[in-house]
Amino acid sequence: MTLKVYNTLTRKKEVFVPIEKGKVRMYVCGPTVYNYIHIGNARPAVVFDTARRYFEFRGYNVNYVSNFTDVDDRLIHASQERHQSVPEIANQFIKAFLADVGALNVKKATINPRATETMPEIIAFIGKLIDTGFAYAADGDVYYRTRKFKDYGKLSHQSVDDLKSGARIEIGENKEDPLDFALWKAAKPGEIKWASPWGEGRPGWHIECSAMVEKYLGETIDIHAGGTDLVFPHHENEIAQSEALHHCAMAHYWLHNGHIQINNEKMSKSIGNVILVHDLIKKYDPLVVRFFILTVQYRHPINFSDELLNDAVQAFGRLKTVFYNLDHRLKDFAGQTDGFDEKMESYRVRFIEAMDDDFNTANAISVLFDIAKDANIALQSADTKPALLFSYRQILFELSDVLGLKLEDQTESILDSDVEAMIEKREAARRDKQFALADVIRDQLKKAGIVLEDTPQGVRWKRGRE
RNA sequence: GGCGGCAUAGCCAAGCGGUAAGGCGCGGGUCUGCAAAACCCUUAUCCCCGGUUCGAUUCCGGGUGUCGCCUCCA
């Protein structure tokens, strides 16, 4: 079985062959930390985290680098508006980013380099581009000479001449050509700045990624990923910068996730429909959000709406319920699975086939539901062997973990003693066939958020809404 | 104008040459003291028109619709 990934560069699914056996070097463009992240930022974080988990599941050692852009125009604007320094704002939202993404069960990156901590490498990189004639300084700015890079446009599949119409020169810029882009921007009075051979200023947006990839992962990496909007110009420019200097491919595979829409509209500030993860996870279980994102193949657009999210609540709940019910039956079971089990292996194989196909999480999730169905059937019979139930539990645990979906929920394991007393009181009432009393107690508990379910193996409870 | 994606049941979403996975929802049933959970049954010929083929949702051509990139953007 071979893993295939869709490469934007070739517009084809290609067999993944790592540079170094057993290792994956991947770089995912991270956020500009001037605000809380929105769900559009969450998608690459979740899908590429899932890719990373899958690589690890398949035995690869993954070096996962994702940057923080902690200085740029938007941060400077935010700084002026709030009368806070750029680093203060950046630190605040880096912290918020890590919290949000942590709630979505995104594993920590191997490293999250910051632009401001990569300044020597950035400046050196620009210097070399000037030395080789790919860049030029002009009044304190430095620009990349786009037309000099012969492969320009190969990622976005655009010719330089087609791009020309969209390019423009802002007032105050001193570009030789409208297509050129900034590597270094001279500081205006009062702006945060760093010293450089071309005067005080700050890096352009694209150069930090080129410098960081080189610094942390090397001249050629396996995977470079980000949102589809980054194909042009961001990643195109990164290629121009890095490959002009290194004369080798910057990345073998370029992966891009599709965008999120809100009620079938583009999410944008002007429409006013931007949803922050910070707010969304107050309303929905963050894992439901993750689950929802993974129900769609990562390259396709996803529409967000309360209706769709509520469907996801139900669907994910089904998975959690079966897992919980398995645990309920296995409370006193300390044994093992039956060992090698053909059926469990067949689930695993189907899961791998799905994920091998460019991380088809939608199909991978359908395997989870098939396991759930079979496990539920096994659960129906009172004399199913615990070892079999345990096998179901294990395979569900193993595969859902690859997707970063935690089916176990620690918060459900603790029950107040008075609630326990009420459950016992109801059990006594049921034994005495005082069903009216039993039902009253059950209603009371339900209002307190505890839902009871009577099973042949005793009463089972879970937390519910209202 | 250049480049690209998408169009599958009420909704979401896989499949991509051999008459349609999965989930949510609806309806019917089973189990239950009643519920809940669960299980069973039920819910589609895949935007339209041509073409290739023994055979197309799946390939090719042409439409229509829709979304996106080309300017900061995940």
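The values are calculated or read from the model by the stated rules, or taken from the named source; none is laboratory data. The shown structure was predicted, so the numbers you read here are calculated from the model rather than taken from an experiment. For neighbour counting, all protein chains shown are included, and Cβ atoms are generated from backbone atoms with ideal geometry for every residue, glycine included. Ligands, DNA and RNA are stripped out before the accessible areas are found, and what is left, the full protein with its side chains, is counted by its heavy atoms. Shrake-Rupley method; radii C 1.70, N 1.55, O 1.52, S 1.80 Å.
At a 1.4 Å probe radius, which order do A:E208, A:E408 fall into by accessible area, largest first?
The ordering from most to least exposed comes out as A:E408, A:E208.
Accessible area per residue of region A:4-257 at 1.4 Å probe, in Å²?
Per residue, region A:4-257 has 41 Å² of solvent-accessible surface.
Under 20 Å Cα to Cα from A:K266, which aspartates and glutamates show up? Leave out anything in the same chain fewer than 8 places away.
Result set, ordered by chain and number: A:D229, A:D279, A:D306, A:E307.
In whole percent, and with a 1.4 Å probe on the protein chains, what portion of the accessible area of region A:278-410 is carbon and sulfur?
Result for region A:278-410: 50 percent of the exposed heavy-atom area is carbon or sulfur.
So how strong a dipole does chain A carry about its Cα centre when Lys and Arg Cβ are +1 and Asp and Glu Cβ are -1, to the nearest 20 debye?
480
Got a sec? Charge dipole of region A:352-466, +1 on Cβ for Lys and Arg, -1 for Asp and Glu; which of A:G404, A:G464, A:S391 is way out at the positive end?
Positive-most Cα among the choices belongs to A:G464.
Placing one identical point scatterer on every Cα of chain A and ignoring solvent, what is log10 I(q)/I(0) from the Debye formula at q = 0.08, 0.11, 0.14 Å⁻¹?
Once normalised to I(0) and log-transformed, intensities are -0.58, -0.95, -1.35.
In debye, nearest 20, what is the charge dipole magnitude of region A:322-453 about its Cα centre with +1 on Lys and Arg Cβ and -1 on Asp and Glu Cβ, if you could check?
Charge dipole, region A:322-453, about its Cα centre: 680 debye, nearest 20.
Cut-off under 12 Å on the C-alpha distance; same-chain residues fewer than 8 positions from A:K343 excluded. Which aspartates and glutamates are left, in chain and number order?
Candidates past the 8-residue exclusion: A:D370, A:D374.
Averaged per residue, what accessible surface does region A:292-367 expose to a 1.4 Å probe, in Å²?
Dividing the accessible area of region A:292-367 by its residue count gives 46 Å².
Let me have the 222 nm mean residue ellipticity of chain A computed from DSSP H runs of 4+ only, each contributing -39500 (n - 2.57), with the sum over all residues rounded to the nearest 500.
After summing the helix terms and dividing by residue count, I get -14000 deg cm²/dmol.
Would you tell me the accessible area of A:H157, worked out with a 1.4 angstrom probe on the heavy atoms of the protein chains, in Å² to the nearest 10?
Near enough 70 Å² of accessible area.
Rounded to whole Hz and in sequence order, give me ³J(HN,Hα) for region A:140-152 from the Karplus expression 6.51 cos²θ - 1.76 cosθ + 1.60, θ = phi - 60°, writing x for Gly and Pro.
Ordered by residue, 3J(HN,Hα) equals x, 8, 10, 10, 8, 8, 3, 5, 6, 8, 4, 7, 4 Hz.
Whose amide H sits under 5 Å from the amide H of A:F68, counting only residues 5 or more places off or on another chain, with H placed in the peptide plane?
A:R114, A:A115
Quick check: Cα centre of region A:279-329 to Cα centre of region A:90-122, how many Å?
Distance between centres, Cα-based: 25 Å.
Over region A:415-463, what relative contact order in percent results from Cα pairs under 8 Å that are six or more residues apart?
Reported as a whole number, the value is 22 percent.
Output the 0 to 90 degree angle, nearest 10, between the alpha-carbon long axis of helix A:435-447 and the longest principal axis computed from the alpha carbons of chain A.
Relative to chain A, helix A:435-447 is tipped by roughly 10 degrees.
What are the ³J(HN,Hα) couplings of region A:216-232, residue after residue, when phi is run through the Karplus curve with 6.51, -1.76, 1.60 and θ = phi - 60°? Round to Hz, x for glycine and proline.
After applying 6.51 cos²θ - 1.76 cosθ + 1.60, I find 9, 10, x, 5, 10, 10, 6, 10, 10, 9, x, x, 4, 5, 7, 3, 10 Hz.
Along the charge dipole of chain A, Cβ charges K/R +1 and D/E -1, which of A:G30, A:L276, A:T295 sits furthest on the positive end?
A:T295
Ignoring ligands, DNA and RNA, please state the percent of accessible area on region A:55-106 from carbon and sulfur, probe 1.4 Å.
The value for region A:55-106 is 48 percent carbon and sulfur by accessible area.
Report the one residue of A:I260, A:P197, A:F323 whose Cα lies farthest in the direction of the positive end of the charge dipole of region A:193-351 (charges on C-beta: Lys and Arg +1, Asp and Glu -1; origin at the Cα centre).
Positive-most Cα among the choices belongs to A:F323.
Amide H of A:A138: which non-local residues (sequence gap of 5 or more, or other chain) have their own amide H closer than 5 Å, using H built in the peptide plane?
A:Y143
Against the longest principal axis of chain A, how steep is helix A:417-431, in degrees 0 to 90 to the nearest 10, with axes from Cα atoms?
Here the helix axis deviates by roughly 40 degrees.
What are the ³J(HN,Hα) couplings of region A:6-23, residue after residue, when phi is run through the Karplus curve with 6.51, -1.76, 1.60 and θ = phi - 60°? Round to Hz, x for glycine and proline.
Along region A:6-23, the couplings run 7, 9, 4, 4, 9, 6, 9, 7, 10, 5, 7, 10, x, 5, 10, 3, x, 10 Hz.
How do A:K148, A:K373 rank by accessible surface area computed with a 1.4 Å probe, from largest to smallest?
Result, largest first: A:K373, A:K148.
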